[in-house]
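First up is the structure itself, then whatever we jot down about it.
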Amino acid sequence: MLFQKLIKYYRMKKTAILISLFFTVFVFSQTKNEVKFQNGLEFYNNGDYLNAIKEFSEILVNGEHSVELYFNLGNSYYKINDLPNSVFYYEKALKIDPNNVDVKNNLKYSQNMLIDKIELLPSDQISNILVNISNLFSINQWLSIGIISIYIFLILFIIYFFKSDSNSKKKYFTFSSILFSISIVFIFIGVSKFENQQTKIEAIIFDKKIDFRTEPNFRSEIQFNLHEGTKVKIKEELKEWVLVELNNGSNGWIELNSIKKIN
């Protein structure tokens, strides 16, 4: 009996030590990243953009990602006229927060300095409305609101179930039904947005100049060429080649190592 108690105590102690070690490492990592972020901001404000990039990039290596981090990396690269990286990190920030005004404005500044000006294909009004609704919140926000709405629906439904007064039952049933419908819509938008991001893989061209070809080989015809910083959508990958599409609907094959995926 005593031996079993000792084993149980040891296991509990071991678990407590492991949890304590994990928590300590986590807190230390967070503190270290915060210090690096502040150092990066200080370097940036002093005009030392290369060291700012170094500090911010080390936070990425540590596994932390945020709108603020991508935004400041985009700003730092913009200051040294590295437009591909500037556009790349602004686009990364918008993947997390599509409605961030500061990121959108700074992205426009970078895009205005690009050589290539790609016009968007005209889209119908309904599609624009749906896209604007989807961009109101991030994927996590849509799903979180949906899940919270389901919990509230369950509470209202339980109240409806135990109410004896017919008018009160009718009122709670109506509210719970509306809330359930709304929660399904929110979750559907979140899931649809997630699936769309998984299938819609975008990238930034990093080569100074790249030829778009009709086939995935250097013997094929060159259709046109584009320059660094231009955003493309990946349609297909074939070994070291990738078929990409532009916002104006044009497409062609380019070398895979000439681009950097945003996702």
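Axis of helix 2-45 versus longest Cα principal axis of the chain: the two differ by about 40°, to the nearest ten degrees. Please work out whether the chain counts as rounded, prolate or oblate from its C-alpha gyration tensor, where a ≥ b ≥ c are the square roots of the eigenvalues and a/c under 1.5 means rounded, while otherwise a/b larger than b/c means prolate and anything else oblate? Verdict is oblate for the chain. Where a ≥ b ≥ c are the square roots of the eigenvalues of the C-alpha gyration tensor, would you call the stretch 128-175 rounded, which needs a/c under 1.5, or, failing that, prolate if a/b is larger than b/c, or oblate? Here the stretch 128-175 falls in the oblate category. Suppose R0 equals 41 Å. What FRET efficiency, 1/(1 + (r/R0)^6) with r the Cβ-Cβ distance, do I126 and N46 give to the nearest 0.05? So, using R0 = 41 Å, E works out to roughly 0.25. Does the stretch 201-261 classify as rounded, prolate or oblate by the C-alpha gyration tensor (a ≥ b ≥ c root eigenvalues; a/c under 1.5 gives rounded; else a/b over b/c gives prolate, otherwise oblate)? Because its axes are fairly even, with a/c under 1.5, the stretch 201-261 counts as rounded.
Computed from Cα positions, the angle between helix 139-162 and the longest principal axis of the chain comes to roughly 20 degrees. Between the amide H of W241 and those of L256, distances stay under 5 Å, these residues lying 5 or more places away or on another chain, with hydrogens modeled in the peptide plane. Listed by chain and number, the lysines whose C-alpha is less than 23 Å from the C-alpha of K163, apart from same-chain residues fewer than 8 away, are K171.
Give me the angle, in degrees from 0 to 90, between the Cα long axis of helix 166-199 and the longest principal axis of the Cα atoms of the chain, rounded to the nearest 10. The answer is roughly 30 degrees.
Listing F173, F162, F212, F88 from fewest to most neighbouring C-beta atoms within 10 Å gives F162, F173, F212, F88. Peptides 223-234, 125-136, 71-82, 188-199 ranked from most to least packed give 71-82, 223-234, 188-199, 125-136, packing being the mean of other C-beta atoms within 10 angstrom over each peptide's residues.
Note on Q223 and E64: their simple-model spin labels are 4.3 nm apart, each label 7 Å out from Cα toward Cβ. Suppose only helical runs count, i.e. DSSP H with n ≥ 4. What mean residue ellipticity at 222 nm does that imply for the chain under -39500 (n - 2.57) per run, divided by all residues and rounded to the nearest 500 deg cm²/dmol? It lands at -21500 deg cm²/dmol.
Values quoted throughout were computed directly from the atomic coordinates according to the rules given, and no laboratory measurement underlies them. Note that the structure is a prediction, hence the values are computed from the model and not measured. Methodologically, a virtual Cβ is constructed for each residue, glycine included, from the backbone with ideal geometry; neighbour enumeration extends over all protein chains shown.
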